[in-house]
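Remarks on the structure that follows.
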Amino acid sequence: MSKERRLEPQIVIGLLVNESGFPLGITSFEGNTAETKTIIPVIDDFCKKHALQEITVVADAAMLSAGNLKSLEEAGHGYIVGSRLTKIPYDIADYQVNNILADGQIIETTFKNHRIIYQYREKRAELDRQNIQKQIDRAKRIVEGKRAVSKTKFLTVTARTKKLNQKLIDKAYALAGVKGYVTNLDILPQKVIDYYHELFKIEANFRMAKSDFKARPVFHRRRDSIEAHLTIVLAALAIGKSIEMKTKMSIKQVVKMLRPVRSGVIVVNDQEYQAGEDISPLIHKLLQRLHRGH
């Protein structure tokens, strides 16, 4: 989606990668398609193309919906999905009555036949508390009339009053540092968390697609042209990821290292001379790594 609030037609992209971050498939959807409506078509299409009976899907909280989880279970797939914490879980609240959560502490429970794992991290809590304080300060400036009224967390606005929502603030502080994970896999809780944290690889692919490979804006309107554009982006992602896996370097580092390598023809007094490229030992070693395999 356009973050620049453009009025042109938009599309939604569904990107599927494996556990190492290698891109497996990319699908386009109409711009008014909700994120929760993209995951099942992408998975079904991929399984059908490759005759797969069972896979494990790891996705962030944006993909969490009862319909998605039910569809994945009915298809025989495993899943690890981030959990939206809209209220304080009973198990967390019960523990916090007489105890303080320790760094790395895990609490496990079940809800509507779903296995839910919560983990508290002090580093995450520090960041959460900083963000909460920023939101409180913003709400206070609105209450004091130092800022125009706008949609702000922790602020309750009525026809006559503007005040802080202390109940919402208390809940936010109680959830600071807590992250939830929903799964149907019978594996150790820490394994569930570790697999979920591999999601940074798909975020890295999206950043690479949007910046390095100019996936957006898309200067096309017909579906076949848009999908041709995305196919080129997917191929570039696959090549880029292959280079990173073979060289153990980022694609930006590889391009920066190879950019000075040039060859050409020099003309002196109508005489042509071939100017060979200057390949340093470091670049030669890099090229040897790229030469391996396909």
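Residues being buried (at least 17 other Cβ atoms within 10 Å of the Cβ), modelled with pLDDT of 90 or more and under 30 Å from Glu54 (Cβ atoms) are entirely absent from the stretch 148-163. Among the residues of the stretch 161-199, those identified as of a type in the set (Lys, Arg) and without any contact (Cβ under 8 Å) to a residue 24 or more places away in the chain are Lys162, Lys163, Lys167, Lys191.
Determine, yes or no, whether Ala215 is small (Gly, Ala, Ser), surrounded by fewer than 20 Cβ atoms within 10 Å (Cβ to Cβ) and in contact (Cβ under 8 Å) with a residue 60 or more places away in the chain.
When the stated conditions are applied, Ala215 does not pass them.
Take the conditions closer than 24 Å to Gly31 by Cβ, touching a Phe, Trp or Tyr at 6+ places or on another chain (Cβ under 9 Å) and assigned to a helix (DSSP H, G or I) and apply them to Leu237. Does it pass? When the stated conditions are applied, Leu237 passes them. Scanning the stretch 196-223 for residues that are in contact with a Ser or Thr (Cβ under 8 Å, 6 or more places away or on another chain) and either within 29 Å of Leu69 (Cβ to Cβ) or part of a strand (DSSP E or B) (or both) turns up just one, Lys201.
In the stretch 47-100, the qualifying residues are those that are exposed (fewer than 15 other Cβ atoms within 10 Å of the Cβ) and hydroxyl-bearing (Ser, Thr, Tyr), and the one that is farthest from Gly177 (Cα to Cα) is Tyr90. Residues considered: Val267, Val233. Of these, the only one that is hydrophobic (A, V, I, L, M, F, W, C), surrounded by 12 or more Cβ atoms within 10 Å (Cβ to Cβ) and modelled with pLDDT of 85 or more is Val233. Note on the stretch 187-209: among residues that are exposed (fewer than 14 other Cβ atoms within 10 Å of the Cβ) and basic (Lys, Arg), the one that is nearest to Val254 (Cα to Cα) is Arg207. For the stretch 218-230, the candidate set comprises residues that are of a type outside the set (Asp, Glu) and touching a residue at least 60 places away in the same chain (Cβ under 8 Å); within that set, the residue that is surrounded by the most Cβ atoms within 10 Å (Cβ to Cβ) is Leu230.
The values are calculated or read from the model by the stated rules, or taken from the named source; none is laboratory data. What you are looking at is a predicted structure, and each value in this text was computed from that prediction instead of being measured. Reconstructed Cβ throughout: ideal geometry from the backbone, glycine too, with neighbour counts over all protein chains shown.
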